[in-house]
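Only the coordinates and a few stated rules stand behind these numbers; no lab work does. Note that the structure is predicted; figures quoted are calculated from it, not measured. Cβ atoms come from the backbone with ideal geometry, glycine included; neighbour counts cover every protein chain shown.
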Amino acid sequence: MPVSSYLLPSAMVWDAFELQERAYFPDGTEVRPIAEPPVLPKAPAGLRLRGVEKAFGDNRVLRGIDLDVPAGQFVAIVGKSGCGKSTLLRLLVGLDEPTGGEIDFIDDGGDRVAPDARIVFQEPRLLPWFSVADNVAVGLGDGVPKAFARREAELVLDEVQLSEKAREWPAKLSGGQRQRVALARALVSRPGLLALDEPLGALDALTRISMQQLLTRVWRELGFTAVLVTHDVTEAVHLADRVIVLDEGEVKLDLAVPRPHPRHHGDPELALLEGQLLAAILGES
Amino acid sequence: MTTIDTFSEGRKLRRATSGTPRTLTEGTLTEDKPQDWQQASQNPPKGAADGAQAKGGKPAGLHTISRGAWLPYLVPVGLVLVWQILSSTGLISDRIMPSPVAVLAAFWERLLSGELGRDVAVSGARALSGLLIGGSIGFLLGIANGVSKLSEQLTDTTLQMLRTIPHLAMIPLVILWFGIGEEAKLFLTSLGVLFPIYLNTYHGVKNVDRDLVEMGRIYGMSNWSLFRKVIFPGALPSIFVGLRYALGIMWLTLIVSEAIAANSGIGYMANTAREFMMTDVVVLALVIYAVLGKLADVVARALERWALSWNAAYQA
């Protein structure tokens, strides 16, 4: 991850100060200058997994995962249904506790830091009774001043190209737009790690391509670590620096994707990697 | 591929002109993939203008609205007319059923004397305080049992058992307990509205999308915040169903309890009139109950539409 990409969030912070003077929403709601500092850009958080296990009763879903993810990397985890990839993701963001092993968040130098992760699910899980902007503000947590929350929501909605929809109900948006709101909500607190659980699985093919471009751009601009779980190998090689194949709860293949971003569909080298991955997943030698 | 060029250009742009982030997003919009949202974000003024135009000139819509406004009243007005004709021609005896004009006269007379206003106010206050007390208890129990497993195990079975007793069957006992004072009416009305509100609140909370609750937890919502932002709004459509059902029971209970023992209120007015064979006043009481019931429902529906405006099913 180039260091220069950290510049952007701080630029956005200065924007936030400049934006104070103008009317904020189409309905003329003014944004008053406030005392609280804006959310500061945070450094990406890497991961260190040692012997991570998860069992549901007798069913051992994860059987000792060792994995190092450097801060700022984009990792994709692929595998058949039931290989434990979603379970692993839920452990990473603290939704479930591992039954064995350790999961540590680490900084650039490999020192442990506080867990700092957000997750985007396949379904957007927006609150239908909140406007788009209020849904994004949920990502900031409780007790945040309203004007500040709105300003941050506006900034991150701009990032996912949905500024115009800030005052709409989620029901009025298309599937792709809702998923972008969910992404904005996950990113508004500037997490060090973003977990994506098949976030594009429910979208149509064209929307999915636009969303892949958007994801790559947002990742490069905000500089977080990304862990993407997907069953779509094409998507994995298109987005990630590195693809991990899980099989019956173990890492079967750990493949680097050494191609510069942004990538385009039809890159022959990506197709080659894709074939390699598919072979590993389907169990061919 | 244009994507690559526009992409890197957009990034450079963003760095260089950090003061105007809005223009930067254009960089990634590729011309060869006309997504609906890209279109929308590129020409919002055009879309807005179209919308305004559609609102401005809609003769067809206006026509249907006016028809929709009077059509529901066609049948009731027709019935009243037929009733008046039957009474005027003497086909229906005045002692069995007074004519609409006689009822109107009774209404006017009692309105002027101030009796009607006082009776309606007394009945209305009884109904509302019963709704408030019983509704609050039902609502709180519904929330508690929907949220807490312990509370549910403690009280739900008891409430489900009590619910099956027709609350009006308790009248003899209530009279023994409270006599024929205000407490008896308040108790019966509260008891009547408690169960529909309880059941629907409980059901609403139980049916709040678990995924949304999990989302709230992930984003670190406190219990109060989770209730306020996720559980209560999620249960609200069901709570409104309970409220509207409770309003019906509220009037029913009040009518019965006022008819049995009261010295004021609409039920008292009707009962006294019966003793003097004043059928016009008895019918007037029925009409007032109908109007009050309809009014309560209209208010509840307006409240519902306002509170659930996010829900496509309630949008006007």
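Details
- Alpha carbon centroid spacing (whole Å) that separates the range A:142-219 from the range B:164-181: 58 Å
- Long pairs among B:K149/B:K229; A:K146/A:K172; A:K80/A:K165; A:K80/B:K229; A:K54/A:K80; A:K172/B:K229, criterion Cα-Cα beyond 27 Å: A:K80/A:K165; A:K80/B:K229
- Peptides ranked, highest mean first, by Cβ atoms within 10 Å: ranges A:161-174, B:202-215, B:107-120: A:161-174, B:202-215, B:107-120
- Ordering B:M250, B:M278 from the fewest to the most neighbouring beta carbons within 10 Å gives B:M278, B:M250.
- Cut-off 14 Å between beta-carbons: net charge of the residues surrounding B:L188, Lys and Arg +1, Asp and Glu -1: -1
- Of all beta bridges that DSSP places with both ends in the range A:3-282, some 60 percent have antiparallel geometry.
- Take each peptide in B:216-224, A:181-189, count the other Cβ atoms within 10 Å of every residue, and average; sorted highest first, the result is A:181-189, B:216-224.
- Here the scattering of the range B:99-314 is modelled by Debye summation over its C-alpha atoms, one equal scatterer each and no solvent; at q = 0.11, 0.12, 0.17 Å⁻¹ the log10 of I(q)/I(0) is -0.63, -0.72, -1.14.
- Gain on full stretching of the segment that runs from B:K149 to B:V101 - 0.36 nm per residue minus C-alpha separation: 11.4 nm
- Inter-chain Cβ neighbour average for residues A:249-260, partner chain, 10 Å: 0
- Three-way shape call for the range A:3-282 based on the alpha-carbon gyration tensor, with the a/c threshold at 1.5: prolate
- Neighbour-count ranking [beta-carbon atoms within 10 angstrom, fewest first] of A:F74, B:F232, A:F56: A:F56, B:F232, A:F74
- Spin-label model distance (nm) - A:D58 vs B:R217, 7 Å beyond Cα toward Cβ: 2.7 nm
- Couplings 3J(HN,Hα) for the range B:209-225, derived from phi with the Karplus relation 6.51 cos²θ - 1.76 cosθ + 1.60 (θ = phi - 60°), are 3, 4, 5, 5, 5, 4, 4, x, 5, 4, 8, x, 5, 6, 4, 5, 5 Hz, where x marks Gly and Pro.
- Prolate/oblate/rounded label for the range A:73-145 (Cα gyration tensor, a/c 1.5): oblate
- Three-way shape label, the range A:134-280, alpha-carbon gyration tensor, a/c 1.5: prolate
- Calculated FRET efficiency for the pair A:D204/B:L295, C-beta based, R₀ 51 Å, to 0.05: 0.55
- For B:W310, B:W70, order by how many other beta-carbon atoms lie within 10 Å, fewest first: B:W70, B:W310
- Linear extension gain, B:A259 paired with B:I92, 0.36 nm per residue minus alpha-carbon span: 57.5 nm
- Cleavage-rule hits (trypsin sites (Lys or Arg not before Pro)) in the range B:233-316: DSSP loop, at most 14 neighbouring Cβ within 10 angstrom: none
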